[in-house]
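Everything on this sheet refers to the single structure shown next.
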Amino acid sequence: MKKLIALALALVMVLALTACGGSAPAKTDAPAAEERTSFIMGIDPEYPPFSYLGDDGGYTGFDVEICQAACDYLGWEMEIFGVNWDEKLVQLDSMECDCVWSGMTILDSMKEAGYVISAPYYDNTQVLVVKEDSGIASSADLAGKLVAVQLGTSGEALLNGDLAELAASFGEVITCDSFLKCFTELAGNSVDAVFVDLPVAASYCAEHDGLRIIDESLGAEQYGIAFRSGDQALCDEIEGAVAALVENGTYAEIAAKYPDIVNNLLFLSE
Amino acid sequence: MTLMTMIVKMSEGLGKTCAIFFLTLLFSLPLGMLVALLRMSRNRIVSAVTRFFITVLRGTPLMLQLLAVTYGPYYLFGANVARNKLIPVVIAFAINYAAYFAEIYRGGIESIPVGQYEAAEVLGYTRMQTFLRIILPQVVKRIMPSVTNEVVTLVKDTSMAFTVSYQEMFTIGKQIANSQTSFLPFVVAGVFYYVFNFIVDRVMGRIEKRLDYYK
């Protein structure tokens, strides 16, 4: 009898939470735009060259520098909040940060869930990285092999969506909680390839010997900034500030420091 | 994705979660006894060294120990990382839990009055006989609640295997949560862990009752 009651309670718990699971995130009572003096930027602190811990111990990266310049332009105090990448939207909703801006791929599911997404600023391509001496020349050679991908990245979303057929041909897709672990697995021979964003692959391969990027782009996507639903005004202000930075040349100046990604920046190629 | 598909997908990972759980118990329960005996050794060096290892294992996060066991050999010696992650995961869990079990065993063994050892000696029991026939049965009964505590914690700790990319139930839950932009998989995971622990609680309760043959 007791078992039955416990089971029934568990079921009620599931149903109660199912009911609210699908709905759009609640509107927030963020301060009105004119009162705003500070802005909390949500980043993945382990995602070079967009956002990472710099040599001096402070956060830096292309996105961080652009955000800093935009906040300076708007006269806001910028704070940085390192999100847990696979729970970034939950953390955005719970007001821990005001945006997620960290090489984030725009997914349709985000828009469907009600998030305000900025105009794309970066054209992203997914590639496979293998060991130089592995003899793997294309994604077809990876049939039955192990492929690592970082959980919560666009690569993982692709393998579950558009590239599901390719993913099914792999022996297994191993999800890691950081891209560094993916590459450690590759270097340690426990996986045969890493599926990752091109700029990350390029900057990692530039610093580490023995790796090779397979010349095959497997899904082109775009990066944008995510805001809470109802924060359209905030999104407009940030976009306006970034546009001003593009206009006055600051944007190109910052971009020049990041040669790996400069060719894919949409605002500069226009 | 419907709730049913989610549950089915996550149940597939539950097998891997169970593998960590049962293998960890299988190795850590006896290993803990060995560690406890070394810790109580009359040889001061043996005792001090064991004590040091226990403080390290209890004083550092299990997550770090998982990383050290899995990737340590690669970073230190360039050795290959294990393809089957269950091996390093179980090694790390078993060593960590052995340290906790060892201290629980020690507490139990030291709670038995010295008078019993003296009485046993008078009756002609050898030290081995005294330990196995008189001390140990009492110890097992006394430590059951503390052991249950650890076993319940172990069920929840299995989710940490994700740090080293072992694809257990919670990892799959996170994958679904990501691809569906939904919080629901975490609720399902919560229910799974609760039901798992509900069963553990029942089983341990039953064992405890069985052992209460003098009451």
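A short reminder: the numbers here are calculations on the coordinates, not readings from a lab. Note that the coordinates shown come from a computational prediction; the quantities given were computed from them, not determined experimentally. In this analysis, Cβ positions are derived from the backbone assuming ideal geometry, glycine residues included, and neighbour counts consider all displayed protein chains.
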Kindly list the number of the only condition in (1) of a type in the set (Gly, Ala, Ser); (2) more than 10 Å from every other protein chain (Cβ to nearest Cβ); (3) in contact with a Leu (Cβ under 8 Å, 6 or more places away or on another chain) that fails for A:ALA148.
-> (2)
Within the range A:126-146, the residues that are part of a strand (DSSP E or B), farther than 13 Å from A:ALA201 by Cα and not small (Gly, Ala, Ser) are A:LEU146
Got at least one residue in the range A:100-108 being assigned to a helix (DSSP H, G or I) and in contact (Cβ under 8 Å) with a residue 60 or more places away in the chain?
-> no
Take B:VAL69 and decide whether it is in contact with an Asp or Glu (Cβ under 9 Å, 6 or more places away or on another chain), within 14 Å of chain A (Cβ to nearest Cβ) and not acidic (Asp, Glu).
-> no
Quick one: would you say B:ALA189 is under 23 Å from B:THR70 (Cβ atoms) and crowded, with 18+ Cβ neighbours inside 10 Å?
-> yes
Name the one entry in A:VAL173, A:VAL191 that is among the aliphatic types (A, V, I, L, M) and within 18 Å of B:LYS9 (Cα to Cα).
-> A:VAL173
Filter the range B:163-210 down to the residues that are of a type in the set (Asp, Glu) and touching a helix residue (DSSP H, G or I) at 6+ places or on another chain (Cβ under 6 Å), then identify the one that is nearest to B:VAL140 (Cα to Cα).
-> B:GLU208
Spans of helices (runs of 4 or more DSSP H) in the range B:93-210 with at least 1 residues within 29 Å of B:PRO61 (Cβ to Cβ) and within 14 Å of chain A (Cβ to nearest Cβ) = B:169-180
A:PHE183 in contact with a helix residue (DSSP H, G or I) (Cβ under 7 Å, 6 or more places away or on another chain), more than 8 Å from chain B (Cβ to nearest Cβ), not in a strand (DSSP E or B) and not small (Gly, Ala, Ser) | yes
Could you please give the count of residues in the range B:100-140 that are crowded, with 18+ Cβ neighbours inside 10 Å, under 21 Å from the mean Cα position of the chain (by Cα) and hydrophobic (A, V, I, L, M, F, W, C)?
-> 5
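If you check A:ILE225 against the conditions, is it in contact with a helix residue (DSSP H, G or I) (Cβ under 6 Å, 6 or more places away or on another chain) and either in contact (Cβ under 8 Å) with a residue 24 or more places away in the chain or surrounded by 14 or more Cβ atoms within 10 Å (Cβ to Cβ) (or both)?
So A:ILE225 fails the test.
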